[in-house]
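What follows is a set of notes on a single structure, which appears directly below.
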Amino acid sequence: MFDPISALKDFIRHPSVSADPAFREGMHGARDFIAGLLGRIGFAVEIVPTPLHPVILAERTGPAEWPHVIIYGHYDVQPADPLNLWTTPAFLPEVRGDRLYGRGAADNKGPLLTHVAAVARLLERRPDLPLRITFMIEGEEEIGSPSFPGFLAAHAERLRKADFVLLSDTGSPREDQIVITCGLRGLVLFDLEVTGARTDLHSGLHGGVLRNPIQALAELCASLHDADGRVNVPGFYDDVLDVHAWEREQLARFGQSAEEYRAFLGIPAFYTAKGFTPFEATRFLPTLEFNGIGGGYQGEGTKTVIPSKAFAKISCRLVANQTPEKIRALLYETIAQRMPKDVTFRLVDQHSGQPYVVVPPDRSNTPAGQSPVLASAFRAADAAITEVFGRAPLYLREGGSVPIIADIKRVLGLDSVMMGLFLPEDNLHAPDESFNLNVMRKGMAASERILEGVAVGGRRS
Ligand SMILES: [Zn+2]
């Protein structure tokens with residue numbers, strides 16, 4: 001059995017920044033490191049090329065009646081900039097107190113190694129464990145996984161025979177309150193550009209004869225919400241999944257106060273749709289946000305111009321069972337209807353992602369026919385986390401988006417058990433990223449029990 005903490009240090013020393021071609025060698029090193037480690041604990045390792053960064057597939061095979069888990073992770077990390085804000089260099093890992101500092105410590109090298117170490121220890125203890133395990137580790141998560149859907153499609157035949165996916169690339173609020181994420185929001189992004197005259201105009205010579213495109217854009221944008229904070233686009237909420245009582249009950253146990261949250265945000269008041277607390281709104285409702293708006297003169301002093309163009313960058317977070325395709329079409333139709341006819345406009349598609357939801361077993365709305373192996377994984381996770389972390393996990397949908405989880409569901413038909421192992425103070429994507437080593441140790445114990453529980457109790461029907 002390898003030492004997980006020194007392995008994590010070695011892993012971090014490979015600067016695997018997927019966004020920057022200058023880090024090719026670091027990507028290579030991180031990939032070889034984790035592939036080598038999986039090989040040493042007995043896995044058959046394959047490095048699968050993609051148009052950009054390869055995916056590692058490592059398998060422990062067995063008879064078809066053994067349950068089959070895919071463990072997902074990613075070996076790439078965010079850029080370390082701004083470098084001067086790190087206490088110690090980002091790619092020279094250091095333990096201070098009960099934390100290990102370094103880029104990727106929490107996202108995702110630490111949580112990934114937690115599962116690798118758990119598997120190593122479990123197989124050492126039970127070499128005959130009746131469980132098939134596939135590690136699926138990509139190198140493009142931090143740049144939006146562009147190659148991943150294609151990879152899944154190319155290997156769907158074999159991967160879709162698995163029973164479920166286990167991963168830790170989500171968060172929990174505290175060390176003693178682990179969250180199992182049961183839903184993620186989807187995304188639709190686009191740019192809207194409004195054009196008035198063919199060129200910028202003198203407001204004295206031409207003012208009063210045409211609609212300013214900034215005005216047209218502002219009127220249009222203002223029409224997209226109503227006074228209660230709901231998105232004012234016909235049909236927008238039609239497919240939104242009902243919120244179940246148990247979901248509200250789980251969220252209430254999260255123990256945050258709305259007043260603290262308001263003060264944290266620094267806002268005078270919430271602008272939240274009726275019937276939802278702010279915490280519910282970020283998880284259970286879709287949104288429409290203006291991420292950027294511009295046009296006209298932005299420099300020092302004044303300029304009496306009627307600009308030719310104005311633009312807005314707009315994004316929606318979607319919830320189950322909305323689809324980006326339908327929402328994009330509804331938005332474009334509404335914008336076309338409402339845009340004043342004395343300007344022209346252009347919509348430019350940006351990326352999108354599907355929302356995702358999974359219902360843990362024994363809940364009022366657990367879908368009939370849920371895979372017995374998935375159900376056994378949830379039950380094993382509940383028991384393991386309760387025992388190891390000292391408190392039952394919370395089952396929550398999240399406001400954020402991890403599009404690959406929906407891709408895995410769409411392409412492979414597999415659900416995911418997402419055990420949140422990073423904490424708010426881990427500084428993901430920021431300077432002084434770190435991973436709590438107590439969480440790592442407990443996470444290993446929990447992962448080991450989950451996998452053993454699935455092996456023993458998850459016989460395929
Ligand atoms: Zn991640």
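Here are a few things to note about the model shown:
- C-alpha long axis of helix 403-412 to longest principal axis of the chain, angle in °: 60
- For I293, residues with placed amide H under 5 Å, excluding near neighbours: K313
- Order of E124, E175 - criterion: other Cβ atoms within 10 Å of each residue's Cβ, fewest first: E124, E175
- Ordered by the number of other Cβ atoms lying within 10 Å of each residue's own Cβ, fewest first, T302, T61 fall into the sequence T302, T61.
- With K and R counted +1 and D and E -1, the other residues having a Cβ less than 13 Å from that of K274 yield a net charge of -2.
- The HN-Hα couplings worked out from phi for the stretch 34-41 by the Karplus form 6.51 cos²θ - 1.76 cosθ + 1.60 (θ = phi - 60°) are 6, 5, x, 4, 5, x, 5, 8 Hz, whole numbers, x standing for Gly and Pro.
- Whole-number D in µm² s⁻¹ for the chain, Kirkwood Cα-pair radius fed into Stokes-Einstein, 20 °C, 1.002 mPa s: 89
- Beta bridges per DSSP, both residues in the chain: antiparallel share near 70 percent.
- Averaging Cα coordinates gives a centre for the stretch 380-428 and one for the stretch 120-136; these two points are 21 Å apart.
- Sequence-distant contacts, meaning Cα pairs under 8 Å at least 6 residues apart, place the relative contact order of the stretch 96-232 at 15 percent.
- Working ranking of peptides 207-216, 139-148 by packing, defined as the average number of other Cβ atoms within 10 Å per residue, highest first, is 139-148, 207-216.
- Derived scalar couplings ³J(HN,Hα) [the stretch 325-333; Karplus, 6.51 cos²θ - 1.76 cosθ + 1.60; whole Hz; x for Gly, Pro]: 4, 5, 5, 4, 5, 4, 5, 5, 5
- Taking the Cα centre of the chain as origin and assigning +1 to Lys and Arg Cβ atoms and -1 to Asp and Glu Cβ atoms, the resulting dipole is close to 520 debye.
- Relative contact order (%) - criterion: Cα under 8 Å, at least six apart; region: the stretch 320-448: 23
- Between helix 213-222 and the chain: long-axis angle, C-alpha atoms, 0 to 90°, nearest 10: 50
- Karplus-based coupling profile of the stretch 366-379, in residue order and whole Hz: 4, x, 4, x, 4, 3, x, 6, 4, 4, 5, 5, 4, 5, with θ = phi - 60° in 6.51 cos²θ - 1.76 cosθ + 1.60 and x standing for Gly or Pro.
- Flagged links, alpha-carbon separation over 28 Å, of K9/K161; K274/K341; K9/K409; K109/K409: K9/K161; K274/K341; K9/K409
- Look at where the Cα atoms of the stretch 257-271 and of the stretch 297-354 average out, and the two centres are 28 Å apart.
- Going from the residue with the fewest nearby Cβ atoms within 10 Å to the one with the most, H351, H115 rank H351, H115.
- Taking all Cα pairs closer than 8 Å and separated by 6 or more residues, the relative contact order of the chain comes to 26 percent.
Any read-out appearing in this document is the output of simple, stated calculations on the displayed coordinates, not a laboratory observation. All values reported here derive from a predicted model rather than from experimental measurement. We place every Cβ from the backbone using ideal geometry, glycine too, and count neighbours over all the protein chains shown.
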